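Trainee: Just passing along the structure, written as structure tokens.
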Amino acid sequence: MNNPRPKVRLSRALGVPLTPKAVKYFEARPYPPGVHGRARKQESDYKVRLREKQRLRAQYNIREAQLRNAFAKAAKAEGKTGDALLTDLECRLDALVLRAGFARTIYQARQFVVHRHVLVNGRRVDRPSYRLRPGDVITVAERSRAMDAFQIAAAGGHAENVPPYLDVRHEALAARLTRLPERTEIPVTCDEQLVVEHYSR
């Protein structure tokens, strides 16, 4: 998602901090940007659902077509569509690189994958949208490990919020998806039912 708006401004517009840097700005000004940011206007149901969809897109840094395709797939799955949608998105390679603590932001995680620094089961994968299955192992390529960003990751620099569906060895820059994520464990701010309603209308 190549959005020209600065990440802090986008974070405030969507009501969720998208980068660590945005967190402190967001805490200081927890209202939308602009002169009318503090005003609480009555919003239409459509606008509320649209913003929730945009919020989900921003947190995974994906394009509209990618989210729409993920929704179509989730709608055919068993169980709740919203849960299936988030489980599917969470199994993206870039999302799991971030959750494992190998990257600081989803934007950095995507860049690492595109620049071929990441392996899945020993094979180089350069598609951020690649879906992992339980048992798959993510590692950082040997030639990339000397990079400052990965040295920080190996020292546990971003390791404070590793979710329970990942088994991570930071010093080895290796992570295994042990099982499919459950909705309650996925660290995404979203009312997924509103996203389902947006696409189902």
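The values are calculated or read from the model by the stated rules, or taken from the named source; none is laboratory data. It should be emphasised that the depicted structure is a prediction, and the values quoted were computed from it without experimental measurement. Cβ coordinates were reconstructed from backbone atoms using ideal geometry, including for glycine residues, and neighbour counts include every protein chain displayed. These area figures cover heavy atoms from the full protein model, side chains too; ligands, DNA and RNA do not enter into them. Shrake-Rupley method; radii C 1.70, N 1.55, O 1.52, S 1.80 Å.
Trainee: Any chance you could count how many residues in region 170-184 are open to solvent by less than 70 Å² (accessible area, probe 1.4 Å) and within 21 Å of Arg104 (Cβ to Cβ)?
Mentor: Residues flagged as open to solvent by less than 70 Å² (accessible area, probe 1.4 Å) and within 21 Å of Arg104 (Cβ to Cβ) within region 170-184 amount to 7.
Trainee: Is at least one residue of region 136-152 closer than 13 Å to Cys91 by Cα and among the hydrophobic types (A, V, I, L, M, F, W, C)?
Mentor: Yes, there is a match, as at least one residue in region 136-152 is closer than 13 Å to Cys91 by Cα and among the hydrophobic types (A, V, I, L, M, F, W, C).
Trainee: Do we have Val196 as closer than 19 Å to Ala70 by Cα and buried (at least 17 other Cβ atoms within 10 Å of the Cβ) here?
Mentor: Considered against the rule, which asks whether it is closer than 19 Å to Ala70 by Cα and buried (at least 17 other Cβ atoms within 10 Å of the Cβ), Val196 comes out as yes.
Trainee: Failed condition for Arg143, given (1) at positive phi; (2) assigned to a helix (DSSP H, G or I); (3) basic (Lys, Arg), with all others met?
Mentor: The single condition Arg143 does not satisfy is (1).
Trainee: Name the residues in region 76-85 that are among the hydrophobic types (A, V, I, L, M, F, W, C) and touching a residue at least 12 places away in the same chain (Cβ under 8 Å), would you?
Mentor: Leu85
Trainee: Looking at the structure I just gave you, is Tyr107 among the hydroxyl-bearing types (Ser, Thr, Tyr), under 28 Å from Glu197 (Cβ atoms) and at pLDDT 95 or above?
Mentor: Here the answer is no, as Tyr107 does not meet what is asked.
Trainee: For region 71-105, enumerate the residues that are open to solvent by 10 Å² or more (accessible area, probe 1.4 Å) and assigned to a helix (DSSP H, G or I).
Mentor: Phe71, Ala72, Lys73, Ala75, Thr81, Asp83, Ala84, Thr87, Asp88, Leu98, Arg99
Trainee: For region 57-70, how many residues meet the condition of being surrounded by fewer than 20 Cβ atoms within 10 Å (Cβ to Cβ) and not in a helix (DSSP H, G or I)?
Mentor: Residues in region 57-70 being surrounded by fewer than 20 Cβ atoms within 10 Å (Cβ to Cβ) and not in a helix (DSSP H, G or I): 1 in total.
Trainee: Among Asp148, Asp167, which is over 19 Å from Pro181 (Cβ atoms) and open to solvent by 20 Å² or more (accessible area, probe 1.4 Å)?
Mentor: Asp148
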